[in-house]
Amino acid sequence: LLKMPLPETVLPLDIQEGITKNCGTSGTNLLNAWFIELSIEVWASFIAQHPCMTKGQPEDEALRMDVLRLLCQEWTRQHTNNRVRFGNQIRTLLENQPCLP
């Protein structure tokens, strides 16, 4: 996800690392726990509303394909029991996007 568009509320990794390095050993452990990884479900909700998925601009085609590729890879990583739920969530998020192939 690091090379994909992220919500404005997500701190870039280099800033997170800079903060934790400047807090000493005890502060690093506390802050590492505070900087949790963005879940794929939250990111999928964000990216479904991102202009690269909603505007259909030709210059965003490669990014749209990367988004779909990443979501497909994540679907295959899901445990069999979770695939249907994850797939339904993604389908619901993207089903009305006019720019999908």
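Just one of the listed residues (PRO98, PRO58) is more than 17 Å from LYS3 (Cα to Cα) and in contact (Cβ under 8 Å) with a residue 24 or more places away in the chain, namely PRO98.
Taking the criterion of being assigned to a helix (DSSP H, G or I) and surrounded by 14 or more Cβ atoms within 10 Å (Cβ to Cβ), the residues of the stretch 67-82 that qualify are VAL67, LEU68, LEU70, LEU71, GLU74, TRP75.
Coordinate-derived values only; no laboratory data. Note that the structure is predicted; figures quoted are calculated from it, not measured. When we count neighbours, we look across all protein chains shown, and the Cβ atoms used for this are built from the backbone with ideal geometry, even at glycine.
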